[in-house]
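Asker: Pasting in a structure now, in structure tokens, and then I'll have a few things to ask.
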Amino acid sequence: AYGLSLAATVLAVSELNFGRPITIRQSFARALPFALRSFWLFFVIGLATSVGLLFFIFPGVLVVVTYAVAIPVAVIENLKAGASFRRSESLTKGRRGSIFLVFLLFLVMTYIVGIMLGVPAAIIEIWRPGPSSAVFTILAQLVADCLTAPLLTIGLSLIYYDLRIRKEGFDLQVMMSAIGEGASPANSI
């Protein structure tokens, strides 16, 4: 389910980036073929990051920023896992510092929302300890995660397009493609 939601979010951002409307249902329907691949990429990146964090913090952070756009690459460009990792590595080269700042902003935002929802839950747990207050605390954390987690996927999808524009002139390719589609054979002479 998480892989499906990642792929659906990437597809929705992609369509909206081009000014094409898409519904939630359409996004999830188009994301079905990418669900397992997205989850696999997420799992491998998470595992590699965890191992990297065991060997001090820097290797884990380097893994995260290097493969930050692997899921958008896999979904948008329809690449397999290995090719997505290589493509992400290529796209993020020279831009990993700014990607790190996006992750840092996301962490700060996650902590702020977590505190905003966690403090009332903690007060309730202190005031009325018991299983129901523990459930409330868990639900508060779940709501905080549900509110902030999609923002990272959206941000990484936008970073993917930014990297393509800066490194490959993707915006010019899209404009030239639109001009080519609009021109009739008689007008192209």
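Asker: Scanning the chain for helices, which whole DSSP H stretches are 30 Å or more long along the axis (Cα) and average 1.6 or more by Kyte-Doolittle? Kindly include the intermediate steps, with their values, before the conclusion.
Answerer: Working: long enough: 96-127 (45 Å, 2.00); 131-168 (55 Å, 0.83).
Once both thresholds are applied, what remains is 96-127.
Asker: Subtracting the Cα-Cα distance from 0.36 nm times the residue separation, let me have the gained length for residue 42 to residue 126 in nm, one decimal. Walk me through the numbers before you get to the answer.
Answerer: Working: separation 84, 0.36 × 84 = 30.24 nm, distance 3.64 nm.
Full extension of this stretch gives 26.6 nm more.
Asker: What order do you get for 157-163, 45-51 when each peptide is scored by the mean count of other beta carbon atoms within 10 Å, highest first?
Answerer: Details: 157-163: 21.0, 45-51: 14.3.
Packing order, densest peptide first, comes out as 157-163, 45-51.
Asker: Per DSSP helix of 4 or more residues, -39500 (n - 2.57); summed, then divided by the residues of the chain. What does that give at 222 nm, rounded to the nearest 500?
Answerer: Details: 9 runs with 155 residues, N = 189.
Rounded to the nearest 500, the figure is -27500 deg cm²/dmol.
Asker: Mind checking the per residue accessible area of the chain for me, 1.4 Å probe, whole number of Å²?
Answerer: On the way: 11750 Å² over 189 residues.
Ligands and nucleic acids excluded, the result is 62 Å² per residue.
Asker: Rounded, prolate or oblate for the chain? Axes are the square roots of the Cα gyration tensor eigenvalues, ordered a ≥ b ≥ c, and the cut-off for rounded is a/c under 1.5. Please report the intermediate quantities before stating the final value.
Answerer: Working: a/c = 2.43, a/b = 1.77, b/c = 1.37.
Verdict is prolate for the chain.
Asker: Rg(Cα) of the stretch 1-96 divided by 2.2 N^0.38 Å? Before the final figure, lay out each step's value.
Answerer: Details: Rg = 14.0 Å, N = 96, 2.2 N^0.38 = 12.5 Å.
Computed over Cα atoms of the stretch 1-96, the ratio equals 1.13.
Asker: Based on the alpha-carbon gyration tensor of the stretch 111-160 and its eigenvalue square roots a ≥ b ≥ c, which shape applies: rounded if a/c is under 1.5, prolate if not and a/b is larger than b/c, or oblate? Spell out each step's value before the answer.
Answerer: Details: a/c = 6.88, a/b = 3.13, b/c = 2.20.
Note, shape of the stretch 111-160 comes out prolate.
Asker: For the stretch 1-159, which whole-number percentage of the solvent-accessible area (1.4 Å probe, protein heavy atoms only) is attributable to carbon and sulfur atoms?
Answerer: Working: 7310 of 9520 Å².
The C+S portion of the solvent-accessible surface of the stretch 1-159 is 77 percent.
Asker: Here's a follow-up. In a Gaussian network model over the chain where Cα atoms closer than 10 Å are linked, find which of 20, 128, 166 has the largest mean-square fluctuation.
Answerer: Of 20, 128, 166, the most mobile in the Gaussian network model is 128.
Asker: For the stretch 1-147, build the charge dipole from Cβ charges (+1 Lys, Arg; -1 Asp, Glu) around the Cα centre, then report which of 3, 102, 16 sits farthest towards its positive end.
Answerer: Going by the Cα projections, it comes out as 16.
The values are calculated or read from the model by the stated rules, or taken from the named source; none is laboratory data. Remember, predicted model here, so these are calculated numbers, not experimental data. Here Cβ is always computed from backbone atoms with ideal geometry, including for glycine, and neighbour counts include all displayed protein chains. Calculation scope for accessible area: heavy atoms of the full protein, side chains included, ligands and nucleic acids excluded. Shrake-Rupley method; radii C 1.70, N 1.55, O 1.52, S 1.80 Å.
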